[in-house]
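Taking it in order: structure first as structure tokens, then the write-up.
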Amino acid sequence: MDLRRLEAFCKVYELKSFSKAGKDLFLSQPTISAHISTLEEELGVQLFDRMGRSIMATQAGEVLYRNARDIYDLIGKAQSEINILRDKVVGDLDIGGSTIPSHYLLPDILYSYCKKYPDVSVHLSVGDTNEILQKIRRGELIVGIVGATLDVPNLEFYPIMRDELVIVAPPVLVKNYDKIDDIQHLAELPWVMREGGSGTRKALERGLSELGTSVRDLNVTVWVESTQAVVQCVRAGLGVSVTSRLAAQPLIDSGELVHIKGLPLNLERSFYLAYLEGREFFPAVRYFIDHIKRSSFTI
């Protein structure tokens, strides 16, 4: 149903005159009459009784007017809320985070952001890097913080923090070794491995490639889908693995995990703020991006 025709109908109903409605809407009387006739044809009912120079709404006309007013009230409400969004930091913030950022970075970031902008409602989705980036591409998320980039059009990446990945092992698995400084020796040990979509896995693959080897050369015995699962599986003695120092350091300090050092394996990576180029950002999103870029840990 055309809103212009509905507007013409409401004016005729309120002013009880086709000519007055036309003047009020800056339309000719024949145009007003055509709008009403088209509505009547669409609905299959007569909306007004024409009695000489006066008109009166039919029962169908009364029903249409009541509902039309509700429609315009909703439109007005939507316009008001959009105007508020343009000028005030309110509304929903749909963001995503890969595993490490979601557990070790975003809680503090969101605390300081929400303290500053309490009228924003945050919705956080957690997944591996590929999952979060695909959701951003599909428009399901506005922004995300991830541990790797993806070479696809229209995705923008802003580096915010460097992360050191560490090789960790359960003490029971390496207690008989003075040191492990050979990649081949390390490859023979049982491994706990992250799934392919994680930033940690991508960084490991890149580091192994620089040494002329790959994940396929490792003795992988357990595959897991989260950082916490990696840490707990290694802690339980299932194998060695690579994970963020942010996740492993407390267990390294307590002696529950051993940090294997001395290997010429480049495992440094960065965390990135990711968003889709060209999207319109309302203040809640713009201020969140600005908050991230101004944070003390930013590169």
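If you check GLN29 against the conditions, is it of a type in the set (S, T, N, Q), surrounded by 14 or more Cβ atoms within 10 Å (Cβ to Cβ) and in the same structural domain as SER17 (by TED's automatic domain parsing)?
Working: of a type in the set (S, T, N, Q): yes; surrounded by 14 or more Cβ atoms within 10 Å (Cβ to Cβ): yes; in the same structural domain as SER17 (by TED's automatic domain parsing): yes.
Considered against the rule, which asks whether it is of a type in the set (S, T, N, Q), surrounded by 14 or more Cβ atoms within 10 Å (Cβ to Cβ) and in the same structural domain as SER17 (by TED's automatic domain parsing), GLN29 comes out as yes.
Restricting attention to the range 247-272, the residues that are surrounded by fewer than 16 Cβ atoms within 10 Å (Cβ to Cβ) and hydrophobic (A, V, I, L, M, F, W, C) total 1. The one condition from (1) exposed (fewer than 12 other Cβ atoms within 10 Å of the Cβ); (2) over 18 Å from PHE9 (Cβ atoms); (3) at pLDDT below 90 that ILE84 does not meet is (1).
Each row is one residue, and each column tells you yes or no for (1) of a type in the set (Lys, Arg); (2) touching a helix residue (DSSP H, G or I) at 6+ places or on another chain (Cβ under 8 Å); (3) in a strand (DSSP E or B).
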| residue | (1), (2), (3) |
| --- | --- |
| PRO101 | no, no, no |
| SER112 | no, yes, no |
| GLU131 | no, no, no |
| LYS135 | yes, no, no |
| ARG162 | yes, no, yes |
| VAL168 | no, yes, yes |
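Number of residues in the range 137-160 that are part of a strand (DSSP E or B) and within 16 Å of the chain's Cα centre (by Cα) equals 8.
Does VAL122 fit the bill of being farther than 19 Å from ALA21 by Cα, at pLDDT 90 or above and not in a strand (DSSP E or B)? It is false that VAL122 is farther than 19 Å from ALA21 by Cα, at pLDDT 90 or above and not in a strand (DSSP E or B). If you go through the range 214-230 and keep only what is out of contact with any helix residue (DSSP H, G or I) (no Cβ under 7 Å at 6 or more places or on another chain) and of a type outside the set (Lys, Arg), you end up with VAL220, THR221, TRP223, GLU225, GLN228, ALA229, VAL230.
For the criterion of being without any contact (Cβ under 8 Å) to a residue 40 or more places away in the chain and more than 16 Å from TYR72 (Cα to Cα), ALA21 passes. Just one of (1) in contact with a Ser or Thr (Cβ under 9 Å, 6 or more places away or on another chain); (2) of a type outside the set (Ser, Thr, Tyr); (3) farther than 23 Å from VAL146 by Cβ fails for VAL230. It is (3). Do we have VAL172 as surrounded by fewer than 17 Cβ atoms within 10 Å (Cβ to Cβ), within 13 Å of the chain's Cα centre (by Cα) and outside any loop (DSSP other than H, G, I, E, B) here? When the stated conditions are applied, VAL172 does not pass them. Selection over the range 273-298 of residues that are charged (D, E, K, R) and surrounded by 13 or more Cβ atoms within 10 Å (Cβ to Cβ) gives a count of 1.
The values are calculated or read from the model by the stated rules, or taken from the named source; none is laboratory data. Nothing here was measured: the structure is a model prediction, and the numbers come from that model. FYI the Cβ positions are ideal-geometry reconstructions off the backbone, even for glycines, and counts take in every protein chain you see.
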